[in-house]
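J.: Encoded as structure tokens, here's the structure I'll be asking about.
The values are calculated or read from the model by the stated rules, or taken from the named source; none is laboratory data. Treat the numbers as computed from the prediction; the structure is a model and nothing was measured. Here the Cβ is made from the backbone with ideal geometry for all residues, glycine too, and neighbour counts use every protein chain on show. Heavy atoms of the whole protein, side chains included, go into the accessibility calculation; ligands, DNA and RNA do not. Shrake-Rupley method; radii C 1.70, N 1.55, O 1.52, S 1.80 Å.
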Amino acid sequence: MSIPLDVKHPPQRSFKPRRRGLSPARIVAYERSAVRWGMAADGPELSFHEVFGYLGEPVLDVGFGGGEALIELADTRPNEQVIGVDVHTPGVAAVFEAIEGRGLANVRVVEGDAAEFVARIPRRSLSVIRVFFPDPWPKHRQRGRRLIRPEIVDRLVPLLRVGGTLHLATDDADYAEQMRTVCDATASLTGGVVERPSWRPITRFEQRGFDEGRRSVDLIYNTSDSSPSD
């Protein structure tokens, strides 16, 4: 049977929702915090000044997992205005708890698809985009699900200010090579593989990789003024 030419297949997602149950007490706290600190994945374009109430350095943290790195960096860099995006409910809950417990008023959280949320971010508004240890989708047939691929990077880069930073990290060697290839082919990015920054927190996920003999690779790219202006 032939397939009509006008049929559009949905794009492959780079994640699977991970909605393990929370305890009743955490559900109550989660829902209370979500009203104050949560953001919807879809909606009108954002103003970081209106969201945070002050001028700062806007940061997008994509796929923060358990939240350890996001929390530590937000705690030590209060000038950064961090919006974290993830689909892992326990991780989102952990970040909400840190916001409340540590007074991290410089953090907001989106539980949803980063590829959808980026439509809300103004062009040339971000200082940094961090993507630490995204799902490597190791099977060959799953490679199309990887987050760092040309069509996604082409959407992320125009959100960065001139001189803004795209910081990637992975402990999957094949994925690291794909990240390098995709970013090197993006005309408005300059950079590459760097020594692991001492300031980047070690998460439980990264430590597990160390224990299993995997080596982390960091890639840092900066934007030039050759980014598309349309």
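J.: Can you work out which of the residues in segment 1-19 that are among the charged types (D, E, K, R) and either assigned to a loop (DSSP other than H, G, I, E, B) or open to solvent by less than 100 Å² (accessible area, probe 1.4 Å) (or both) is modelled with the lowest pLDDT?
T.: Only one residue fits best here, namely D6.
J.: Within segment 184-205, restricting attention to residues that are polar (S, T, N, Q) and more than 11 Å from Y221 (Cβ to Cβ), which residue is surrounded by the most Cβ atoms within 10 Å (Cβ to Cβ)?
T.: T203
J.: A further question follows. Return the pair list, or none, for Cβ contacts closer than 7 Å from residues in segment 178-192 that are within 13 Å of H167 (Cα to Cα) to residues that are open to solvent by less than 20 Å² (accessible area, probe 1.4 Å) and assigned to a helix (DSSP H, G or I), at least 6 apart or on different chains.
T.: C183/V153; L189/V157; L189/C183
J.: Among the numbered criteria (1) free of Cβ contacts under 8 Å to residues at least 40 places away in the same chain; (2) surrounded by fewer than 17 Cβ atoms within 10 Å (Cβ to Cβ), which single criterion is violated by E100?
T.: Of everything listed in (1) free of Cβ contacts under 8 Å to residues at least 40 places away in the same chain; (2) surrounded by fewer than 17 Cβ atoms within 10 Å (Cβ to Cβ), E100 misses just condition (1).
J.: Which residues, counting only those in segment 126-143, are open to solvent by 30 Å² or more (accessible area, probe 1.4 Å) and of a type in the set (K, R)?
T.: Matches in segment 126-143: K139, R141, R143.
J.: When you check L147 against the structure, is it part of a helix (DSSP H, G or I) and under 26 Å from Q207 (Cα atoms), yes or no?
T.: Here the answer is no, as L147 does not meet what is asked.
J.: From (1) open to solvent by less than 20 Å² (accessible area, probe 1.4 Å); (2) at pLDDT 95 or above, pick out the condition that doesn't hold for G209.
T.: Only one criterion is unmet by G209, namely (2).
J.: Still on this structure, please answer the following. Mind listing whichever residues of segment 55-68 are surrounded by fewer than 18 Cβ atoms within 10 Å (Cβ to Cβ) and at pLDDT below 95?
T.: L55, G66 - these are the residues of segment 55-68 that are surrounded by fewer than 18 Cβ atoms within 10 Å (Cβ to Cβ) and at pLDDT below 95.
J.: Also, I was wondering about something else. Output the number of the condition that R77 fails; it satisfies all remaining conditions of (1) open to solvent by 30 Å² or more (accessible area, probe 1.4 Å); (2) closer than 16 Å to G103 by Cα; (3) modelled with pLDDT under 95.
T.: Unmet condition: (3).
J.: Anything in segment 103-122 that is over 15 Å from L166 (Cβ atoms) and either assigned to a strand (DSSP E or B) or touching a helix residue (DSSP H, G or I) at 6+ places or on another chain (Cβ under 6 Å) (or both)? List them, or say none.
T.: L104, N106, V107, R108, V109, V110, E111
J.: Here's something else I'd like to know. Is there any pair with a first residue in segment 106-125 that is in contact (Cβ under 8 Å) with a residue 40 or more places away in the chain and surrounded by fewer than 19 Cβ atoms within 10 Å (Cβ to Cβ) and a second that is part of a helix (DSSP H, G or I) and of a type outside the set (D, E, K, R) whose Cβ atoms are under 7 Å apart and which are 6 or more apart or on different chains, and what are they?
T.: Correct list of pairs: S125/F48; S125/L159.
J.: Report whether or not R146 is in contact (Cβ under 8 Å) with a residue 40 or more places away in the chain, buried (at least 20 other Cβ atoms within 10 Å of the Cβ), out of contact with any Lys or Arg (no Cβ under 8 Å at 6 or more places or on another chain) and closer than 24 Å to G67 by Cβ.
T.: Considered against the rule, which asks whether it is in contact (Cβ under 8 Å) with a residue 40 or more places away in the chain, buried (at least 20 other Cβ atoms within 10 Å of the Cβ), out of contact with any Lys or Arg (no Cβ under 8 Å at 6 or more places or on another chain) and closer than 24 Å to G67 by Cβ, R146 comes out as yes.
J.: Among the helices (runs of 4 or more DSSP H) confined wholly to segment 20-90, which include 1 or more residues that are under 14 Å from the mean Cα position of the chain (by Cα) and among the small types (G, A, S)?
T.: The qualifying helices (runs of 4 or more DSSP H) are 68-76.
J.: Hey, another quick one. Output the residue which, of all residues in segment 149-183 that are acidic (D, E) and in contact with a Ser or Thr (Cβ under 9 Å, 6 or more places away or on another chain), is least open to solvent (accessible area, probe 1.4 Å).
T.: It comes out as D171.
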